[in-house]
Amino acid sequence: ELPGRTAGTTRLHIELNRRIGATENEEGLCLLIHTRHSDFNAVNVASAYTKLVVRKFMIKDVTVLEKEQIKIAVTPRKASAPPAPSFGSRHYELAVAVLEVQMLKNMTRYGARECTNILHSIAKSGRSPYDPSLLRELQRQIDIEAAALTSQGLANTLWSHAHLSLRPSSVLLDLLTRRTCALANDFNAQDVSNTLWALATLRSKGLINEMQVRAQSSLLQGLLPRTELVADRMSPQSVANSLWSLATLGIAPNDSLLDRLAERAEKVSGNFIAQELSNVLWAFAKIQAKNKGRVLAEMSHRATIIAHTFTPQEIGNSMWAFATMHESCLTYERGCLPSDEFVAALTCRAEVVGNEFTAQNCANTLWAFASLGLVPSPCLVQVLLARAEVVAKEFNSQNISNCIWAFAALGITPPTTLLLALTRRAQALGNLLLL
């Protein structure tokens, strides 16, 4: 039987953990798991599993049938574990499955650290456990052990729930709120951004109820001052996630916090990827950030360099953000227009990927050009009109309204087939006043 944490850690477990850490390749780690898993304690299992799945040793050529065969092979029975096959994808999956069986058999012996590390590993790896009940059992055990979580453990636990679309229990969220407030000063930059992102994602996915939403207010009150203190140490991803999260949560940061985040965004803008850049622009627009011309100029410059990597959503969101900021800036600041180079770069990219646009991407892009007083290229107009007709059934009332307004503002005469498609969609939505 697997020695649990209540039985203490022996020299054997320390040696096994040393060997797990020292293993340099997947074959060696899988062999160690297969031959010694019956001696593993909770820490050994968590260490081996984390290393195996997070480092992406996985060879992705295992068929669904082979996975089912592996699942059957590791189902607990009186006989010993099946013999190890020659190394390959099946060997890898067998090692993963054996560890997951060990977890389920001995879950009550796992502490907070082991449970959060395992859950975090599953979230980061993007894989699904062989037995779906593993996630439920991990959640149940984390509820029991949550009082022992560190600041990093708290952030990782919440992040994992959001990433895996798991609904946190009221017990866990209440405890996380109290513990986060108590440990806020221990949070580093990544802990802060992960926690904010998790809260925003859980809310946007509808995974927390109204009572839990209200409980977040005290958590955020404890976390926002810490966000300001660690802002200058944030990575490009962390600062982008923090700004996106605040905007998604509907939180208007005070001037001091917003200035610190904007300063950091400006400093790391040269390392932004397209998603991070579009998220920051979108966040600035949503929270109506004022006097951010300098950081916007830096981000526009970065966008021209990486425009070829933008997805349809990132194009639509970035153009929408500049248009929204421009409209707001009319009352308190000039100069919120995007640079000519920015518009040209995103136009070229949109012409290439326009056939992948969603209804909202089409509407946002057309509306943005019209709002900014910019004339889209004939090629882009042709691409957007053709795509809008294809995805007409996906338009909502706001999308239709924005498109019709943009057509008029830009002097575009849409084809009759597109107008008919939008008319039918408006009828389906019960709003003929749109056309």
- Message: Per residue, how big is the convex hull of the chain when only Cα atoms are used? Give it in Å³.
- Response: 178
- Message: If you fit an axis through the alpha-carbon atoms of helix 210-230 and take the longest principal axis of the Cα set of the chain, what angle between them do you get, 0 to 90°, nearest 10?
- Response: 90
- Query: Label-point separation (nm) for Ile305 and Arg424, each offset 7 Å from Cα along Cα-to-Cβ?
  - Reply: 4.7
- Task: Starting from the Cα-Cα distance between Thr10 and Leu164, subtract it from 0.36 nm times their residue separation and give me the gain in nm to one decimal.
- Result: 52.0 nm
- Would you give the gap between the C-alpha center of the range 231-252 and the C-alpha center of the range 337-404, rounded to a whole Å? 27
- What part of the accessible area of the chain, given as a whole %, is carbon or sulfur when the probe is 1.4 angstrom? 51
- Does anyone have the angle between helix 340-353 and the longest principal axis of the chain? Alpha-carbon axes, 0 to 90°, nearest 10? 70
- Query: What is the packing order of peptides 216-228, 306-318, taking the mean over residues of other C-beta atoms within 10 Å and listing the highest first?
  - Reply: 306-318, 216-228
- Task: Taking only protein heavy atoms into account and a 1.4 Å probe, give the accessible area per residue of the chain in Å².
- Result: 47
- Heavy atoms only, probe 1.4 angstrom, no DNA, RNA or ligands counted: give me Ile404, Ile273 ranked by accessible area, highest first. Ile273, Ile404
- Note on the structure: For Asp259, the accessible surface traced by a 1.4 Å probe with all protein chains present amounts, in square angstrom to the nearest 10, to 60
- Taking only Cα atoms, what is the 0 to 90° angle, nearest 10, from helix 255-268's long axis to the longest principal axis of the chain? 80
- Item | Cα-based Lys proximity count in the chain, under 26 Å, for pairs eight or more positions apart or on separate chains | 24
- Add +1 for every Lys or Arg and -1 for every Asp or Glu among the other residues with Cβ under 15 Å from the Cβ of Arg302, and state the total. 0
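The values are calculated or read from the model by the stated rules, or taken from the named source; none is laboratory data. Source: prediction; values computed, not measured. Cβ atoms come from the backbone with ideal geometry, glycine included; neighbour counts cover every protein chain shown. Keep in mind that these areas ignore ligands, DNA and RNA; they rest on the heavy atoms of the full protein, side chains included. Shrake-Rupley method; radii C 1.70, N 1.55, O 1.52, S 1.80 Å.
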